[in-house]
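Following: one structure in structure tokens, then a few remarks.
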Amino acid sequence: MQTQPNQDDSIIPRHLCIFYSHPWALHLLKSPRLGIAESRLVVELAQQSMLAPALGLGPRARVGLPALLSAPSKLAQLVERPAGVTGDFIFAPQPSATPSLQIAGLGVLPYLKRSQHDTVTMIHAAEHEAFVNAFAYANRFLFLWDLADPQTYLLPQIATALSKQRLLTRESWGGFFWYTHPQRKVPNIQHQAAHVLSSLRPFQSVLEPAK
């Protein structure tokens with residue numbers, strides 16, 4: 001079986017890994033602050049899709065990344081273009097597939113010809129342990145954190161997982177971005193933001209958090 005290499009081997013494609021606390025974070029992908037190309041392939045790693053329901057997409061069968069293991073030439077057939085967001089999406093499989101199977105499919109992507117400029121892998125913070133072996137495919141890491149979400153204890157765990165693989169560097173750091181959603185109003189934004197940012201201490205030895 002042969003797959004096509006990237007169009008220009010001298011260019012290292014950007015593969016961003018985004019850890020998020022709530023699926024509504026996908027609406028921030030268009031923010032210029034994140035610096036993500038409009039031409040992007042958003043790949044969801046999840047034991048059950050969180051992003052598809054957040055976009056109002058009803059439950060239906062999806063083969064997802066594992067399909068690339070048997071038919072890498074059919075990447076375009078896996079892509080969905082939901083209304084209301086920019087970019088191409090490959091959602092998590094339905095019925096679900098094991099994390100290792102999804103990661104194996106992710107490992108095929110860099111060797112396929114495609115039109116999208118950036119690859120964006122999205123992993124919910126609560127599922128980072130299941131997909132820890134996918135981290136090394138990325139070369140830039142970002143965090144999108146809703147201040148209404150309390151599970152900040154996950155941030156040091158993710159920092160440790162990245163550090164163990166020697167992936168956490170100033171060059172690979174894409175930033176930590178907190179936000180609020182109008183449907184989940186936070187009464188004391190500055191206090192909550194300070195609490196969330198204090199959870200970033202494990203990152204401080206190698207980087208400064210984005211403001």
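Of the residues P82, P59, P66, P53, which is over 14 Å from the mean Cα position of the chain (by Cα), surrounded by 13 or more Cβ atoms within 10 Å (Cβ to Cβ), assigned to a loop (DSSP other than H, G, I, E, B) and without any contact (Cβ under 8 Å) to a residue 60 or more places away in the chain?
Exactly one residue qualifies, and that residue is P82.
Mind listing whichever residues of the range 156-203 are among the hydrophobic types (A, V, I, L, M, F, W, C) and free of Cβ contacts under 8 Å to residues at least 24 places away in the same chain?
A194, L197 - these are the residues of the range 156-203 that are among the hydrophobic types (A, V, I, L, M, F, W, C) and free of Cβ contacts under 8 Å to residues at least 24 places away in the same chain.
What number of residues in the range 129-139 are surrounded by fewer than 20 Cβ atoms within 10 Å (Cβ to Cβ) and either within 10 Å of A46 (Cα to Cα) or under 11 Å from the mean Cα position of the chain (by Cα) (or both)?
Selection size over the range 129-139: 1.
Within the range 190-199, is even one residue assigned to a loop (DSSP other than H, G, I, E, B) and surrounded by 13 or more Cβ atoms within 10 Å (Cβ to Cβ)?
Yes, the conditions are met somewhere in the range 190-199.
Just to be sure before I move on: is L41 under 20 Å from Y137 (Cβ atoms) and assigned to a helix (DSSP H, G or I) in the structure I sent? Step through it out loud before you land on a result.
On the way: under 20 Å from Y137 (Cβ atoms): yes; assigned to a helix (DSSP H, G or I): no.
Spelling it out, it is not the case that L41 is under 20 Å from Y137 (Cβ atoms) and assigned to a helix (DSSP H, G or I).
Across the range 117-145, what is the number of residues that are closer than 23 Å to S199 by Cα and among the acidic types (D, E)?
Adding up the residues that qualify gives 2.
Filter the range 36-48 down to the residues that are among the small types (G, A, S) and either at pLDDT 95 or above or crowded, with 22+ Cβ neighbours inside 10 Å (or both) and list them by number.
Matches in the range 36-48: A46 only.
So the check is Cβ under 9 Å with 6+ separation or different chains; which pairs have a first residue in the range 21-36 that's charged (D, E, K, R) and a second one that's buried (at least 17 other Cβ atoms within 10 Å of the Cβ)?
Matching pairs, first to second residue: K30/I36; K30/G87; R33/G175; R33/F177.
The values are calculated or read from the model by the stated rules, or taken from the named source; none is laboratory data. What you see is a predicted model, and the numbers here were worked out from it, not measured in a lab. Please note: Cβ atoms are built from the backbone with ideal geometry, for glycine as well, and neighbour counts cover all protein chains shown.
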